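Report on the structure given below.
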Amino acid sequence: MRLDRYLTASRMGSRSEVKNMIRKGSVSVNGITVKDPSVNIKTDDDVTANGRKVLYREHVYYMLNKPAGYLSATEDNADRTVLDLFPAGLRKGLFPVGRLDKDSVGLLIITDDGAMAHKLMSPKNHIAKSYLIHTDIPLSKEDSCAFSEGIVLSDGTKYRSAALEISADDPTRAIVTITEGKYHQVKRMTERCGKKVLYLKRLSVGELKLDPDLQEGMFRELTSDEIEMLSK
Ligand code: URA
């Protein structure tokens, strides 16, 4: 792979920025300064830029705590999108894995890895997703049973069995776990039980949990253990 490509793939800067870096003599490969951006290197070569080791990563993975008011999209003419929460220099190739509604908050994975996104989104894989919900009216045991049996909407839409764990302290709070990702699914299932979702926060996707230290609107890279969890 060309050295300039290796450095852009490793998020060291835009193609022109890394070319300048290389031409200035700030990059070395296996201890030797290389000034030609087109030099071919291997992904396991030891590359340093400005004296710091470059970690080659083919893809990047971020955990975003999505705030309300942002679309789960890469661009939109009218609304802000979740990519607007990332600095321009990081945005290239990134997209959200799946969607949270504009008014929903919580865990959203942002990546440039299409294969991983496809795996997480594929309905065949039944990846569990859990959400904290607040409702306008207290939820009941009957609602939990209905979720578990599989809700069917009046238009015939069928949802797989889901868990509704109602808070013992406040029955307008519950954790919902679904294994599909249909449009407005949690809101529609809850509405079918005669209750309205007032607040919806995604807490987990598969084994990946929203970092409780991550403020709304903030993102961080996934750790290698977290990436591993998603790759299982
Ligand atoms: N279900 C919904 O209804 N909305 C979301 O944002 C996510 C799941």
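The values are calculated or read from the model by the stated rules, or taken from the named source; none is laboratory data. If you're wondering where the values come from, they're calculated on a predicted model, not measured in any experiment. Positions of Cβ are generated from backbone atoms using ideal geometry, with glycine treated the same way; all protein chains shown enter the neighbour counts.
Couple of notes before you dig in:
- Residue within the stretch 131-147 that is within 26 Å of residue 84 (Cβ to Cβ), within 14 Å of the chain's Cα centre (by Cα) and modelled with pLDDT of 95 or more present: no
- For the condition part of a strand (DSSP E or B) and either away from the ligand (no atom under 16 Å from the Cβ) or touching a residue at least 24 places away in the same chain (Cβ under 8 Å) (or both), residue 214 does not qualify.
- Condition broken by residue 61, with the remaining ones in (1) more than 16 Å from the ligand (Cβ to nearest atom); (2) more than 25 Å from residue 1 (Cβ to Cβ); (3) touching a helix residue (DSSP H, G or I) at 6+ places or on another chain (Cβ under 6 Å) satisfied: (2)
- Residues satisfying the stated conditions in the stretch 135-166, i.e. of a type in the set (S, T, N, Q), more than 13 Å from the ligand (Cβ to nearest atom) and exposed (fewer than 15 other Cβ atoms within 10 Å of the Cβ): 148, 154, 161
- Breaking point among (1) over 14 Å from residue 204 (Cα atoms); (2) part of a loop (DSSP other than H, G, I, E, B); (3) of a type in the set (Lys, Arg), for residue 99: (1)
- When 181, 89 are checked against the criterion of being in the same structural domain as residue 221 (by TED's automatic domain parsing) and either at pLDDT below 95 or farther than 23 Å from residue 197 by Cβ (or both), 89 stands alone in meeting it.
- Cross-chain or 6+ apart pairs with Cβ under 8 Å, the stretch 183-195 first and part of a loop (DSSP other than H, G, I, E, B), then near the ligand (Cβ under 6 Å from one of its atoms): 184/101
- Restricting attention to the stretch 43-58 and to residues that are over 30 Å from residue 218 (Cβ atoms) and in contact with a helix residue (DSSP H, G or I) (Cβ under 9 Å, 6 or more places away or on another chain), the residue that is surrounded by the fewest Cβ atoms within 10 Å (Cβ to Cβ) turns out to be 43.
- Residue 132 within 16 Å of the ligand (Cβ to nearest atom), touching a residue at least 60 places away in the same chain (Cβ under 8 Å), buried (at least 17 other Cβ atoms within 10 Å of the Cβ) and not small (Gly, Ala, Ser): yes
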